1. Along the Cα→Cβ direction, 7 angstrom out, place labels at D349 and H25. What is the inter-label distance in nm?
2. If you put +1 on each Lys and Arg Cβ and -1 on each Asp and Glu Cβ, how big is the dipole of the range 2-357 around its Cα centre, in Debye rounded to 20?
3. Counting only helical runs of four or more DSSP H residues, what would the 222 nm mean residue ellipticity of the chain come to if each run contributes -39,500 (n - 2.57) and the total is spread over all its residues?
4. Among V358, S281, A19, which residue has its Cα furthest toward the positive end of the charge dipole of the chain, with +1 on Lys/Arg Cβ and -1 on Asp/Glu Cβ?
5. If contacts are Cα pairs under 8 angstrom and at least 6 residues apart, what is the relative contact order of the range 2-357 in percent?
6. Any number yet on Rg/Rh for the chain, C-alpha, Kirkwood?
7. Taking K and R as +1 and D and E as -1, what net charge do the other residues with C-beta under 12 Å from the C-beta of M158 add up to?
8. A 30 angstrom limit on the alpha carbon distance is what I want to check against. Which of K166/K339; K109/K313; K71/K109; K123/K313; K295/K344; K211/K313 exceed it?
Amino acid sequence: MDFFKPIVRTLHALDGEDAHIATLHLLKLGNVTGIGPSSDYNPPELSVTIPYEGGALEVGNCVGLAAGFDKNADVPLAMIRAGFGFVECGTVTPLPQAGNPRPRLFRLKEDEAVINRMGFNNKGLEVFSGHLSRYAGRPNHAVIGANIGANKDATDRMADYVTGLKTLWGLSSYFTVNISSPNTPGLRALQGRGHLDELLARIAETRHDLKSVTGTNYPIFLKIAPDLDEAEIVDTVESAIDHKLDGLIISNTTLERLDTLKSAHAGESGGLSGEPLFALSTQALRIAYGASAGKLMLIGAGGINSGERAYAKIRAGASLVQLYSALVYEGPGLIDRIKRDLVKWLRADGFTHISQAVGQG
């Protein structure tokens, strides 16, 4: 896998967004040529079962790709082949959306971080669903999730989430309701308890109707911001449980800027991800784990750049983890390194399976 590290260094000569576009083109080419990152390392110790009403989703390993990398579901199978246990595509909105003006993606190399103010740029549900339909016959181990959002100019943003759920039902392995991006004005207001209860009630009603008509059901997660205070996190957990969601993803990017940031781009507006997000997102995860009392499955995201960091998320309460920003700096070889290190950490602590370590830290 380290064969690809020189490619990563070459891509760093490009603007951050241009490098991302080039990476997607290379992965698409790999779909045709068969050349690309590949791993079959799926140790049984890292397998995860996500339970939901009427079924369970089996995930080959607990290390997943966070939303934002593959916004239009162009290359999910390529990323599964690279070693991820699950891939979350999106964020997708009902209608195509250009997002915010460029430049809008900044590498903070000295801080191993990224700032983005992309603004849900994507090609819309029609293209996204068309891409997912190609993978209808995918192997059972290829877990592909859909991260759904709302258009910036939508008059009823809650209706946009319902539309996403209806359109992608039967095409996605699971769903994530993203109300925590800082780059769509007003979106985070949906995290307030009153708005959140209303949104999740509509999601629950739509889910019930779709299940009744199709006979199928899928896990639904809610992705939250790390900037919520403890009371707000507890409120969110209670609302998710009340409306029978299956889990939370903790967390999205932060608007907070640490004084320790060294990079020239540290003052750019947008959401900060990568290494500086680790402590804040892990604390939010720990609070949610305590409040959920085992009633929600938690996915830890934010600042994971090593097996040790991934293991810390597990011990804070996550059953699975996601990463993205660290790939910008480490390349695809990082995926297997994290998995191998996770197994070492588990064995060192006397655990035989990842589930035994959840919340033990």
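1. 4.3 nm
2. Here the size comes out at about 700 debye.
3. Calculated mean residue ellipticity at 222 nm is -11500 deg cm²/dmol.
4. Toward the positive end, the furthest listed residue is A19.
5. 18 percent
6. 0.93
7. Net of charged neighbours comes to -3.
8. Distance filter (> 30 Å) returns K166/K339; K123/K313; K211/K313.
Just so you know, all these numbers are worked out from the coordinates, no wet-lab data involved. What you are looking at is a predicted structure, and each value in this text was computed from that prediction instead of being measured. Because the Cβ atoms are built from the backbone with ideal geometry, glycine has one as well, and the counts that use them run over all protein chains shown.
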